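Here is the structure we will look at, set down as structure tokens.
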Amino acid sequence: MKLIIDNANINDIRSMYEYFPMDGVTCNPTILAKEKRPPYEVLKEIRDFIEEGELHVQVLSDLADGMVEEAYKIRKELGDDTFIKIPTTKEGLKAIRILAAAGINVTATAIYTQMQAFLAAKAGAQYVAPYINRIDNLGSDGVRTAKEIHDMFRNYGFKTEVLAASFKNSRQVITLCEYGIGATTISPDVLDLLIKNDSVTAALNVFRKDFEKVCGKGKTMLDCG
């Protein structure tokens with residue numbers, strides 16, 4: 001399963017890349033706006049840092065023609081391998097078909113239902129991004145929805161992968177990883193939860209205290225004699 005950061009802050013991205021085996025960055029207009037800087041300035045900084053990693057950038061237009069025009073502008077500024085995030089509306093499906101036919105990487109976003117995902121995949125999207133926590137907040141089951149989309153794609157032989165998004169806890173990520181979901185896009189705070197464990201910290205403290213009883217405080221295998 002690919003791990004992609006859902007963030008546009010270069011310091012957060014650098015920190016996550018330092019510790020985690022990351023595969024790229026996604027962002028949306030709200031995430032970009034938080035940086036309070038010109039969007040392409042932020043995105044070019046991210047692109048330069050992640051180099052070959054995937055970069056997913058969302059369009060703003062409501063109509064297909066505008067979405068397509070934005071897609072070409074994004075690719076011109078950030079590179080042809082950039083994934084264009086297209087909202088899965090009626091106009092969005094039209095844009096996905098046009099872009100996919102031109103060989104452009106498309107991530108269908110704002111997925112809340114299985115049929116949205118099916119139609120986006122059939123239109124040619126390489127990824128579909130179901131919003132796990134937002135689906136939960138509507139009274140449905142986001143993890144189950146992502147699993148059913150994954151199964152649907154396998155049943156029909158689609159090459160499209162699920163890029164699960166909008167998580168509130170690490171358990172959701174773990175469950176989808178166990179199921180074989182292709183990719184997840186995760187905020188830095190949830191990424192940290194994937195590795196944070198008080199039991200691990202307690203065990204390491206015991207190891208250190210036992211070692212220091214023999215070798216002295218602050219000693220390691222470098223200077224224990």
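The values are calculated or read from the model by the stated rules, or taken from the named source; none is laboratory data. Everything numeric in this text was worked out from a predicted model, so none of it was measured. Counting neighbours? That spans all protein chains shown, and the Cβs are built from the backbone with ideal geometry, glycine included.
Odds and ends about this structure:
- Listed by position, the helices (runs of 4 or more DSSP H) enclosed by segment 158-225 that each have at least 1 residues that are surrounded by 10 or more Cβ atoms within 10 Å (Cβ to Cβ) and either in the same structural domain as T145 (by TED's automatic domain parsing) or in contact with a Ser or Thr (Cβ under 6 Å, 6 or more places away or on another chain) (or both) are 170-179, 188-193.
- For A125: the one exception among (1) of a type outside the set (V, I, T); (2) on the phi < 0 side of the Ramachandran plot; (3) exposed (fewer than 11 other Cβ atoms within 10 Å of the Cβ): (3)
- Residue within segment 131-138 that is of a type in the set (S, T, N, Q), farther than 30 Å from A100 by Cα and not in a loop (DSSP other than H, G, I, E, B) present: yes
- Residues satisfying the stated conditions in segment 55-85, i.e. under 19 Å from R14 (Cα atoms) and part of a helix (DSSP H, G or I): L78
- Taking segment 22-43 as the range and being in contact (Cβ under 8 Å) with a residue 12 or more places away in the chain and out of contact with any helix residue (DSSP H, G or I) (no Cβ under 7 Å at 6 or more places or on another chain) as the test, the residues that pass are D23, T26, C27, N28, P29, I31, K34.
- Of all residues in segment 159-171, those that are within 17 Å of D6 (Cα to Cα), modelled with pLDDT under 95 and not aromatic (F, W, Y) total 4.
- Candidates in segment 142-157 are the residues that are among the small types (G, A, S) and buried (at least 23 other Cβ atoms within 10 Å of the Cβ); of these, the one that is nearest to N105 (Cα to Cα) is A146.
- If the condition is being part of a helix (DSSP H, G or I) and more than 17 Å from the chain's Cα centre (by Cα), then segment 38-54 contributes P39, Y40, E41, V42, K44, E45, D48.
- Taken over segment 1-37, the criterion of being assigned to a loop (DSSP other than H, G, I, E, B) and under 24 Å from A110 (Cα atoms) is satisfied by M1, N7, A8, N9, M22, D23, C27, N28, K34, E35, K36.
- Qualifying residue in segment 59-76 (condition: within 25 Å of V173 (Cβ to Cβ) and assigned by TED's automatic domain parsing to the domain that holds S187): no
- Selection from segment 175-225 of residues that are in contact (Cβ under 8 Å) with a residue 12 or more places away in the chain and at positive phi: G180
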